[in-house]
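Derivation of every value follows stated rules applied to the coordinates shown; laboratory data play no part. Please read all numbers here as calculations on a predicted model, not as lab measurements. We place every Cβ from the backbone using ideal geometry, glycine too, and count neighbours over all the protein chains shown.
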Amino acid sequence: GQQLNQSPQSMFIQEGEDVSMNCTSSSIFNTWLWYKQDPGEGPVLLIALYKAGELTSNGRLTAQFGITRKDSFLNISASIPSDVGIYFCAGFTGNQFYFGTGTSLTVIP
Amino acid sequence: NAGVMQNPRHLVRRRGQEARLRCSPMKGHSHVYWYRQLPEEGLKFMVYLQKENIIDESGMPKERFSAEFPKEGPSILRIQQVVRGDSAAYFCASSRGTGGAETQYFGPGTRLLVL
């Protein structure tokens, strides 16, 4: 099935730094979702975006639904060690969900 | 409001045995999705079900794998005659299924180990 192009694949950052990751697709989506997965756990929903141009925050996390409806980004400000994990984007076309390949984040104390 | 429930959390099977994975969607959700994840990899779509209907099974292997979501009870992913390559984490997710904008919530997963 279709995969979203998610980048970067991995990131190693110092505690306190800001992080940015994004997803792009050739298809238009009605919904963009961002998840975080910790080792041994299921993905946990972080932010859901429903309208083109929408900018939504959840604590230190901010995500935007691209105007073209084909992309989205997630920013994490002032990273802390517990931000470590794998972040997935997902898009919903109206019929099906598609997932990015994930961004592995490592935060160095 | 209970989230998506999956059981068992861990399942060990010998080659040739059957594995049954259960998923109870969130309250009010009528759509269920199953995904498979290998270590260090992303989520791979397997099957999408509504109550008593399989909507899309394009990601499911043609043999040995089946899924159902009966009118009553949890969704079941069934793997017959398991092989070592079936070892993976299997995640279930659910959504309301109202169309338009949708949000999908995941369960904690079942980790299958085939010996």
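Shape call for segment A:52-107 from the C-alpha gyration tensor, a ≥ b ≥ c root eigenvalues: rounded (a/c under 1.5), prolate (a/b greater than b/c) or oblate? Note, shape of segment A:52-107 comes out oblate. Note on segment B:32-80 and segment B:1-29: Cα centroid distance 11 Å, given to the nearest whole angstrom. When only Cα pairs below 8 angstrom with a gap of at least 6 residues are kept, chain A shows a relative contact order of 38 percent.
Is chain B best put as rounded, prolate or oblate by its Cα gyration tensor, with a ≥ b ≥ c the root eigenvalues, rounded for a/c under 1.5, and otherwise prolate when a/b is larger than b/c, oblate when not? The shape class here is prolate. The calculated FRET efficiency for the pair B:GLU63 and B:GLU41, based on their C-beta separation and a Förster distance of 30 Å, comes to about 0.85.
Taking A:LYS36 as the anchor, which lysines have their alpha carbon closer than 24 Å to its alpha carbon, excluding any fewer than eight residues away along the same chain? Counting by Cα, and skipping residues close in sequence, A:LYS36 has these lysines nearby: A:LYS51, A:LYS70, B:LYS27, B:LYS44. Note on B:SER87/A:SER20: beta-carbon distance plugged into 1/(1 + (r/R0)^6) with R0 of 25 Å gives a FRET efficiency of 0.10. Per residue of B:41-48, other chain Cβ atoms within 10 Å of the residue Cβ number 5 on average. Residues considered: A:ASN22, A:ASN75, A:ASN95. Largest GNM mean-square fluctuation over chain A, using C-alpha springs under 10 Å, is found at A:ASN95.
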